[in-house]
Structures are given as structure tokens and as C-alpha cells.
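First the structure, in the form of C-alpha cells, and then the observations on it.
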Amino acid sequence: METFKRLKMFYWPYRKVFMWSLLAMLLMTAITVVYPIILQITIDEIVLGRQYQLAAWISLGFIAVMALKGTATFFHQYLGDMFGIKSVYRLRNGLYEKLQRLSFSYYDNAKTGDLMSRLTADVEGLRFFLSYGLAELIRFGLLVAISLSVMFYYSVPLTLVTIAVLPFLAVAVYQFDKRVHPAFRGIRKSFAKLNTKVQENISGINTVKSLSREDFQISTFNKANAEYRAQYLQTSSIWSAYFPLMEFIGNICIVALLSYGGYLVMQNQLNPGELVAFFSLVNYMMWPIMNLGFVINMFSQAKASGERLLEILEKEDITDHAHALHKQKLTGNVHFKNVSLAYGKEQTNALCNVSFEANSGKIIGLLGPTGSGKSSVTQLLTRFYSPVGGMITIDHKPITDYSLKTLRSNIGVVLQESFLFSSTIRSNISYGRPDASMDDIIEAAKRAQAHDFIMELPDGYDTMLGERGMGLSGGQKQRIAIARAICLNPSILILDDATSAVDMQTEHSIQLALKEVMKNRTTFIIAHRISSLKHADEILVFDKGCICERGTHQELLEKGGYYKKIYDLQYRDVKLINEPHQVG
């Protein structure tokens, strides 16, 4: 039960609903045991005792008992479902909230299909157990306890003979649970892999079709589907082996009851009505015992699901400390002092002893080959990751002193791969600042050189975008992402290769507009094009996680190092075009 104890915070607030459901179930179970008693009285007192005048009263009493049981059953089922649904509603919200707050380090290895599986199938598996399985487990205990009490009242020897086989049934149930739980965990994992294959294929359908890899995708899906089928077949084989065994043990109990019970009736040590009542009670008791396998099956599924959900809920995360500062606006003075970063425990450093200062109003350019550590600088600044060494300060305070909301609401980020939501263009631009006025949204779009093409769309700023901004070109999506960052009015602006998807002319127009935006705020420009950052106040050239050169555009050209080589490569074709042709 350790898994369910760790999930207690989600269902315990609704314990009153569950208790009322249990009260209704207790009444329902008690009435169930009354049936055999009514049957015994009918046979022994009315039929054999020839007290026929009591038949009408017994019938009326039986109808009243049935009506009471029906009412109790309704409240038990309704309140049980309410308990499960409310608990899972709270759990699903908690999971989604946790996913929003987990750091990038978690998503580095997480798969979308697996996360979707946890939020749907695993949550539903837990809900079914809370709504039905948990109450059924308690009902089993109550029914067996009450039935045994009545059976002992009728005949102690017959009860002892009847329950002699129960230890064997308990061993079978225990062995069943021991094998079925790992099997269901395997099912959950294979289902997550299947979801991942579907999600990846749908997301990358353009690549699949453009490279004619449909058959390959079908093959990989079939393999994942075959694994899912194999896991289910393995579970079915466990069911097929243990359920007949448990039924066989239950039937032995019935045979022992009828044999010894019939002998006691012939010896006048037991009334016929009591034997019939005894037989009914054993049936009431044996059915939930044999059904215990199904309940344990649900319990195992819920436990497997709960373990997978706890892997998310209990994941360590970057969080605010108790006395984190909450500020509306930061000045934007950034200082890196001997900062190092490593992704994973065994990987080499992505950054090694990086130090620089970027005061408010300054433009810092970051240049270097892929994997040199440029983007890592900005990801540390936003606390997407935590450094393994050194210190980062903003306005002369460690960034850990600020709340994450304060930090990230003061940093506007435009990534190389811009992501747009399936909403209106207006909502996408104002996403980081929902209270922005229409004038602010339009102004941001104009500065990002996006206003003109937006106005050419059928519904302008109210145009609905498809998934991931489908319907717009890469350059148009990038400009809307830039407008979104501008609309935030941040103290620190990060442009991570933000103009890579636009042509040179549009890039030049955006840079002219951004010059005004960059005033009085700290700006980091990550780019592969020197044209994007040659106007920076300082350019940091990265190589293998270290700063190998730093200075202005002109200073770096004069040094003749790595920066000069990149410059020569990028402008070589331009020089050749501009040079007059030699006539031989």
C-alpha cells in the first residue's frame, strides 16, 4: 500500500464521500446476508413448520429488504464514483501543474507519448480502482466476516470443514498477485512506447512522406504494437492459469459443504433450511473470494499506474526557496562568475568557468559552433538548468534569490525553433502578457516586421492558427515569436538565432526595429550569421564550453582568430561578387 500512501494527498480530502459510500456498502452487505436467513426461516418455519399464515409477511418483508438494498446500492455506487472522479480530477491537475514546472533536464529524456499515456491510461486505471476496486476489497472483507459469523452460529463443525480450503485459496491469490503486477507494469510501459510511436509519426509526417518512409514507420509501429500484444498475452496466460485454479478450490469447498452438511441433516444435527442458508452464505462468501483475483488485478493495475505517476509527481525540480524575492521589474545587470554546467551526471561540461558582465542597455553577442555552449548561457540565465559551479547574478543578487516567476517574466526569449499555439495570432503575441492592449500587440508586431503580413490574412490578428502555427511560413512564425517577446517588455531580451528563418532583407528590417527595442534593456544575441551581431557592444566567441575570444566586431577582426575565420568564410562570396572580373 506504500504507493497509495504516497498518493494520499489527492484522495484523502474526499474521504467523507468515501466513508458515506462505505456506510451504504455496509448496509448493502448486511442485507445480502439477510437473504439466506429469510430463506432458512421460510423453509424451516413456514414450509416444514406449516405456519403458512406467515408467508405474506415474509414476502412483504423480503420486498422491503430488496428496496432498502437497492437504495443502498445506488448511494454506494454513486458516491464511490464521485470519490474516484474527484480524486482523479485533483490528481490530473497536480500532474499537469508538475509537468509545467519541471525543468528542462526532465524533458531532455522524456517522451511525449509516454507522458500522454501517464496522463490518460494510468490516471484512468487509478480512478477505476478508487471508484470500484478499493470498495470491493473492503466489501470482500465485510462479506466474509459477516457470513462466517452467521455460519458459526448455525454450525461450528460445518463452518470449520468449509473454510479448511481457504488457506490454499489464499496462497493461489498471493501467487497470482506476485506474477500479475509486473505483467501489468510491462503493459503500461509498452502502451507508452506505442503512444510515442504514434505521436512521433504524426508530428513528423512531412519528413516521413518527403523521404518515402511510410513502410518503415508502419514496420516500427507494428513492432511496438506486437510488443504491446505480447505483454497482454502474457498477462492473459497468468489469468488463464490462476482463475480456474481458484474456481477449483472454491468448488472443493462447495463439495465439502454439501457432503458434510447433508450428513449433519441426516443425523438431525442441522435443519434443512439451515443447510440451504449455509449453502447460500458459502456462495456469497466464495464468489467474492474467487472474484478477489479480479480485484487484485485492478489493484495491481492501479499500483503499476500509481508508481508511474509518482515518477513525475516526486521528481526533483528547480523551485523557489522560502524567501524568494518577488519584483515587478528588474534592471537587467547580468554577471556570470566562473560558471560551469554539465548535462547529466557522466557528461562533460557544456560550460567551463565562463565569466562576463552585461549591464543594462548593453548588447552581448554569442558566437560559436554548434554545441559550443552559446544557448547554455541563456538557459542558465532563465534557470531552465542549474549550474554545477560558479554564480550568476542579476542586479547584484544571485538569480536563486528571485522567484522563478519574477525571473522569467523579466526575460523575453525567442528561440531558434519558434513554437506557436493553436490559437489566434493576437493570443500568441500576448501569451506572456495576457493583459496587453491591442495597441501594445500591434506595436510589438510592427517592431517585429509582422504587422503587414498579419493584416493580409483573412481575419488579421484574429486569424486562428493550426497546430504549431501551421499555415504560416517559418519566417512568419519567427516574426510572431519575436513580437511575443517584445510584447512582454522584458528587462533582458534573448534572441537565440531568432532571425535564422528569415531572409537577409527581413533580417535587416527586424534588426533596425530591434535597435529601438534594445534600448535600456540587456540583450543577448545568439547567431551563426555575423551580420546579426556585429553591432553588439561585446561579442563572446565560444568553443568547447569556454570563451576563446571576446571583444567588439572590429577588435575581433583585428585579432585574426576564430572570429576572423568565420567572417572571411561568410563574406567570401560577397567579396567575389563585388570584385571586378579580370580580363585575361
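The values are calculated or read from the model by the stated rules, or taken from the named source; none is laboratory data. Small disclaimer: the values here were computed from a predicted structure and weren't measured. Glycine gets a Cβ as well: all are built from the backbone with ideal geometry, and neighbour counts include every protein chain shown.
Per-structure values
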| quantity | calculated |
| --- | --- |
| Single residue of the stretch 238-262 satisfying the filter (modelled with pLDDT under 85 and of a type in the set (Ser, Thr, Tyr)) that is farthest from Asn195 (Cα to Cα) | Tyr242 |
| The one condition in (1) under 15 Å from the mean Cα position of the chain (by Cα); (2) closer than 29 Å to Ile37 by Cα that Arg92 fails to fulfil | (2) |
| The listed residue being assigned to a loop (DSSP other than H, G, I, E, B) and modelled with pLDDT of 85 or more, out of Leu351, Leu330 | Leu330 |
| Among the candidates Thr3, Thr32, residue that is within 28 Å of the chain's Cα centre (by Cα), in a helix (DSSP H, G or I) and modelled with pLDDT under 85 | Thr3 |
| Test: Phe129 is buried (at least 19 other Cβ atoms within 10 Å of the Cβ), at pLDDT below 80 and aromatic (Phe, Trp, Tyr) | no |
| Number of positions in the stretch 170-206 that are more than 21 Å from the chain's Cα centre (by Cα) and closer than 22 Å to Leu115 by Cβ | 2 |
| Check on Glu200, in contact (Cβ under 8 Å) with a residue 24 or more places away in the chain and out of contact with any strand residue (DSSP E or B) (no Cβ under 7 Å at 6 or more places or on another chain) | yes |
| Index of the failed condition, Leu472 passing every other in (1) crowded, with 23+ Cβ neighbours inside 10 Å; (2) at pLDDT below 85; (3) not hydroxyl-bearing (Ser, Thr, Tyr) | (1) |
| Unmet requirement for Arg408, which otherwise passes all of (1) basic (Lys, Arg); (2) surrounded by fewer than 16 Cβ atoms within 10 Å (Cβ to Cβ); (3) under 20 Å from Asn520 (Cβ atoms) | (2) |
| Selected residue (only one of Leu281, Leu292, Leu310 is surrounded by 20 or more Cβ atoms within 10 Å (Cβ to Cβ) and either at pLDDT 75 or above or of a type in the set (Val, Ile, Thr) (or both)) | Leu281 |
| Residue within the stretch 43-57 that is in contact with a Pro (Cβ under 9 Å, 6 or more places away or on another chain) and not in a helix (DSSP H, G or I) present | yes |
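Let's see how each residue does on (1) of a type in the set (A, V, I, L, M, F, W, C); (2) farther than 23 Å from Ala24 by Cβ; (3) touching a residue at least 24 places away in the same chain (Cβ under 8 Å); (4) surrounded by 15 or more Cβ atoms within 10 Å (Cβ to Cβ):
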site: Leu39; (1), (2), (3), (4): yes, yes, yes, yes
site: Gly49; (1), (2), (3), (4): no, yes, no, no
site: Tyr52; (1), (2), (3), (4): no, yes, no, no
site: Ala55; (1), (2), (3), (4): yes, yes, no, no
site: Ile58; (1), (2), (3), (4): yes, yes, no, yes
site: Val65; (1), (2), (3), (4): yes, no, yes, yes
site: Phe75; (1), (2), (3), (4): yes, no, yes, yes
